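Q: Quick one: the structure is below, and I'll ask about it shortly.
The values are calculated or read from the model by the stated rules, or taken from the named source; none is laboratory data. Predicted, not measured: the structure shown is a model, and the values here were computed from it. Positions of Cβ are generated from backbone atoms using ideal geometry, with glycine treated the same way; all protein chains shown enter the neighbour counts. Surface accessibility is based on the protein's heavy atoms, side chains included, excluding ligands, DNA and RNA. Shrake-Rupley method; radii C 1.70, N 1.55, O 1.52, S 1.80 Å.
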Amino acid sequence: MRFKNKSRNPTTIRCYPGRRCSFSVLLWSLVSCLLLLNLYCFIFEKNAPHGGAHLHINQHQHFREVEEVEEDNIQMPPPRKRSARAAKRKPKRPTTLIEEFLDESSQLRHVFFPGQRTAIDPRRSSNDTYYYYPGRMWLDTEGNPIQVHGGGILHDQRTKMYYWYGEYKDGPTYHAHKNGAARGGRNGGTCLEYCVIKMCHKGLKVDIIGVGCYSSKDLWTWKNEGIVLAAEEHNETHDLYKLNVLERPKVIYNEKTGKYVMWMHIDDTNYTKASTGVAISDLPTGPFNYLYSKRPHGYESRDMTLFKDDDDVAYLVYSSEDNSELHIGPLNEEYMDVTQSMRRILVGQHREAPALFKHEGTYYMITSGCTGWVPNEALAHAAESIMGPWETIGNPCIGGNKVFRETTFFAQSTFVLPLPELHGSFIFMADRWNPADLKDSRYVWLPLRVSGPVDQPLQYNFGFPLWSRVSVYWHKRWRLPYRWQEIN
């Protein structure tokens, strides 16, 4: 580059050998490019569907917000007064936060199960609109508590609606029998497994009412669509007889048959049937016609879920062998039965409540331990093939405090909902079971992100995997990005 004296010649720069170009021309060219870029951005912003440019910018802000680690230190209440004689006879040991959670007379009860005054209420216009409050009571459009425990969500492409299915538990909780297994939402395994922690509830029960369904366009305002699969009141031989067990219903849609197919855990009051049940419907809002129950692949089945892959092949995942392992296998083309193909995964790890999802070709799953109504530590797992092998990649929970992370925020996994418009983002859905009053169990929805390196080495191979970490972030209050409700 060579500059000449300003008084003799205009300032020039060499563009390439043999030719020169004016500095002012180059400057104006640069300005023109910036103007064209600005015009393009304006046109893109104007024509992008649902304000796409604003949403794109808002996504980055949303990611920063949800990935901020939020602490939550709960102060333990002072010890209750005891007589001098009682204190001398048996010294009082400090209670744990988990014991306080399970104690319905605890002074911290309002922390884990806030009252109706703080409920999420879509009928009330306020600054809290579209905000999720994990653990708070959640009301439907009629002002009643939502009843879809242990459930999952179907996004129906035909109606452009979300449908939330789950156990409708709007009935009294009582002890079915003195020596029975815990039931009503967390099941499987032996009583010894449930009593890993001292506070253990046996024989807790809510009669089957049926499978509830709620519809929404924005994942926050939910309309009650009623009972889409009802209990059998009088026929004691029927799988859906009210004294039996119906848990963890999941629904998927079959494009080939045009049917909505529901799978669920079916059991008797003693948890010896250990089967799956199947029902179908022509509409997402039912009614569903119950078909039959069976032990898939000839094995007992308790906690279960469904997963529909990108190629429309659907899979059943269920806890088996006294909850010591999970089984996974594809369904047939109609989604109404399993095929002969099945793999045993996480053998000997005693995991239940599977919630499976997929990101960038890798399969992920979150599971819980087997401790009855007592909350425990979640674990994330990953696999390159859905049939395995599956690797355990650590506890996904971030934030709160140590006890929060070791108890999955006092909840248990049930479903992971993909958010295709927010790359790498999902909603982690869990149940905060209330053993004293199962119908008052709460929902814990939290942001889940797949990004960053995992923090646990591979089990079957040396070193760390190439896939990303699964992170569930604790927030007392959070929401999806601005204008999310207009995307769909």
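Q: Enter the accessible area of THR257 (Å², nearest 10), with the probe set to 1.4 Å and all protein chains included.
A: Accessible area, nearest 10 Å²: 60 Å².
Q: Under 9 Å from the Cβ of GLU321, count the other residues' Cβ atoms, weight Lys and Arg +1, Asp and Glu -1, and hand me the total.
A: -2
Q: Next up: Mind checking the full-extension length gain between ASN289 and GLN107? Use 0.36 nm per residue of separation minus the Cα-Cα distance, one decimal, nm.
A: 61.0 nm
Q: Compute the length gained on full extension between ASN235 and HIS155: take 0.36 nm times their separation in residues and subtract their Cα-Cα distance, giving the result in nm to one decimal.
A: Using 0.36 nm per residue and subtracting the Cα-Cα distance, I get 25.4 nm.
Q: Let me ask something else. Select from MET304, PRO287, THR269 the residue farthest towards the positive end of the dipole of region 266-311; place +1 on Cβ of Lys and Arg, -1 on Cβ of Asp and Glu, and compute about the Cα centre.
A: THR269
Q: A follow-up question, please. Pairs of Cα atoms under 8 Å, at least six residues apart: use those to get the relative contact order of region 213-311, whole percent.
A: The value is 22 percent.
Q: For TYR292, what residues show an amide H to amide H distance below 5 Å, using hydrogens built from the backbone and excluding near sequence neighbours?
A: Amide H to amide H, under 5 Å and 5 or more residues apart or across chains, TYR292 pairs with VAL278.
Q: Mind giving me the nanometre distance, one decimal, between the label points for ASN73 and ASP311, set 7 Å out from Cα along Cα→Cβ?
A: According to this spin-label approximation, the distance is 5.2 nm.
Q: On to the next question. Hey, can you grab everything whose amide H is under 5 Å from the amide H of MET161? Only 5+ residues off in sequence or another chain; H modelled, so Pro and N-termini drop out.
A: ASP156
Q: I've got another one for you. Using only Cα atoms, what is the ratio of the radius of gyration of region 252-364 to 2.2 N^0.38 Å? Spell out each step's value before the answer.
A: Details: Rg = 14.0 Å, N = 113, 2.2 N^0.38 = 13.3 Å.
Relative to the 2.2 N^0.38 Å estimate, region 252-364 comes out at 1.06.
Q: I would also like to ask the following. What is region 358-409's relative contact order, in percent, from Cα pairs under 8 angstrom and six or more apart in sequence?
A: Relative contact order comes out at 31 percent.
Q: In whole percent, what relative contact order does region 324-446 give with Cα contacts below 8 Å and a gap of six or more residues? Kindly include the intermediate steps, with their values, before the conclusion.
A: On the way: 250 pairs, mean separation 20.8, N = 123.
About 17 percent, as a whole number.
Q: Using Stokes-Einstein with the Kirkwood hydrodynamic radius over Cα pairs, what translational diffusion coefficient do you get for region 204-260 at 4 °C and a viscosity of 1.567 mPa s, in µm²/s rounded to a whole number?
A: It diffuses with D of about 97 µm²/s by this estimate.
Q: Note down the magnitude of the dipole of region 243-312 about its Cα centre, charges +1 on Lys and Arg C-beta and -1 on Asp and Glu C-beta and zero elsewhere, to the nearest 20 debye.
A: Values: 9 positive and 11 negative charges, 50 e Å.
Charge dipole of region 243-312: 240 debye, to the nearest 20.
Q: Right, something else. For TRP373, what residues show an amide H to amide H distance below 5 Å, using hydrogens built from the backbone and excluding near sequence neighbours?
A: Amide H neighbours of TRP373, under 5 Å, 5+ apart: HIS201.
Q: On the accessible surface of region 232-321, probed at 1.4 Å, how many percent belong to carbon and sulfur atoms?
A: 46 percent
Q: Grab the alpha carbons of region 344-431, take their convex hull, and tell me the volume per residue in Å³.
A: It is 95 Å³ per residue.
Q: Could I ask something else about it? Classify region 359-402 as rounded, prolate or oblate from the Cα gyration tensor: take a ≥ b ≥ c as the square roots of its eigenvalues, call it rounded if a/c is under 1.5, otherwise prolate when a/b beats b/c and oblate if not.
A: Note, shape of region 359-402 comes out oblate.
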